[in-house]
1. Anything in the stretch 113-137 that is at pLDDT 95 or above and either over 19 Å from Val71 (Cα atoms) or assigned to a loop (DSSP other than H, G, I, E, B) (or both)? List them, or say none.
2. Which of the numbered conditions does Gly248 fail, given that it passes all the others? Conditions: (1) more than 18 Å from the chain's Cα centre (by Cα); (2) farther than 25 Å from Met173 by Cα.
3. Going through Arg100, Arg144, Arg175 one at a time, which residue ends up being of a type in the set (Lys, Arg), under 18 Å from Pro67 (Cβ atoms) and either assigned to a helix (DSSP H, G or I) or touching a Gly at 6+ places or on another chain (Cβ under 9 Å) (or both)?
4. From the list Val170, Val188, Val177, pick out the single residue that is within 19 Å of the chain's Cα centre (by Cα), of a type in the set (Val, Ile, Thr) and within 17 Å of Thr227 (Cβ to Cβ).
5. Those residues that are not in a strand (DSSP E or B) and not basic (Lys, Arg), I need them from the stretch 265-279; list them, please.
6. For the stretch 321-341, which residues satisfy the criterion of being of a type in the set (Asp, Glu), at pLDDT 85 or above and more than 20 Å from Arg144 (Cα to Cα)?
7. Against the definition (exposed (fewer than 15 other Cβ atoms within 10 Å of the Cβ) and at pLDDT 90 or above), how does Ala266 come out, yes or no?
8. For the stretch 116-129, indicate whether the set of residues that are among the β-branched types (Val, Ile, Thr), touching a helix residue (DSSP H, G or I) at 6+ places or on another chain (Cβ under 6 Å) and outside the structural domain of Leu324 (by TED's automatic domain parsing) is non-empty.
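The values are calculated or read from the model by the stated rules, or taken from the named source; none is laboratory data. Since this is a predicted model, take the numbers as computed values, not measurements. Don't worry about glycine lacking a Cβ; one is built from the backbone with ideal geometry, like all the others, and counts go over all protein chains shown.
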Amino acid sequence: MPRARTVVLLAGAALLARGTRRAMRRRIGASPLWPMPALEEPVSGQGHRARRGPSAHRVLVTERTSPAEGVVQLRLEGPDLPPWEPGAHIDVVLPSGLVRQYSLCGDPADAGTYTIATRLVDDGRGGSREVHEQLHEGAEIEIRGPRNRFPLTDAPAYVFVAGGIGITPVLPMVRAVHAAGTARWRMVYCGRDRATMPYADEAGKLGAEVTSGRPDLGFLAGVPAGTAVYCCGPQGLMDAVAEALPEGRELRVERFTAAAAAPGGAFEVELRRSGRTLTVPADRSVLAAVRDELPNVPYSCRQGFCGTCRQRVLEGEIDHRDELLTDAERDGSMLICVSRCLGERLVLDL
């Protein structure tokens, strides 16, 4: 078991030091580790066409470039886009209705513009291929957010480790910390080969250690207490970083796929407004069981990332397994695609 405590940050704005904020404004006004596997596209899934909510925005693809082999970068522009901070991501509603999450990797001070990048995953679930084949300059799409469950916290020192397309949420953090000049930092960026590593040149100019092949993580054993350690990349890389850290150090990670679900037993779910009661077997989700009775219940990702299937819970103890909701949002609601019951019975407002 890894000795370091791994923290998947769920929500909240990034709380940067005042010096970091001022400097930013001045500057910009368990798979195997090797060979490194291709990352899945950020987690979502397919189901009903996404519903437009209060945080939805229409944006135009104004620029499409390729920062590395197999990677597409899109510049999205629109009116009144909310501000964002390093670590944030947006939901992209693709032309087919699929919803995918992509980290913002541009400049937070570039008002009215978001930048995302995605690698083509041949054996993925279709989202990355749709981006690569259908989203060209002039395309209009819907986005939601931004949200930040991977915020950059205030710390006296930082360590950043990124693998492949996992550079996207990390690069804005490194830019901010480098520009502030108030904290020590070190970054290791690795990939299969340099040609497939987006933003490798920029990372190198900032002072990152850019390497193709297996990274040397031995330095992590000497990371002092209080250092904020961030990692985004394949699961094998995150596991290796966690194993290399001293006991008691926290590792903050951004996942591109949902964590493996722990087993759970069967339980009963009452649909209060519908007057129906059903049993959720150990090998089925609440969502699947509910949709047998109410086929129009919306969903999208089925992995606890997008929030489409969130439902109000009237009674019962919830076993939260999502990667999205804050503690406050979990009080009285659940994502029925992944979360379960800790007891024998739940009552949903359905």
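1. Within the stretch 113-137, Thr113, Leu135, His136, Glu137 qualify.
2. (2)
3. Answer to the check: Arg175.
4. Of Val170, Val188, Val177, the one residue that is within 19 Å of the chain's Cα centre (by Cα), of a type in the set (Val, Ile, Thr) and within 17 Å of Thr227 (Cβ to Cβ) is Val170.
5. Gly265, Ala266, Ser274, Gly275, listed by residue number.
6. Correct list: Asp331 only.
7. It is true that Ala266 is exposed (fewer than 15 other Cβ atoms within 10 Å of the Cβ) and at pLDDT 90 or above.
8. Yes - at least one qualifying residue is present in the stretch 116-129.
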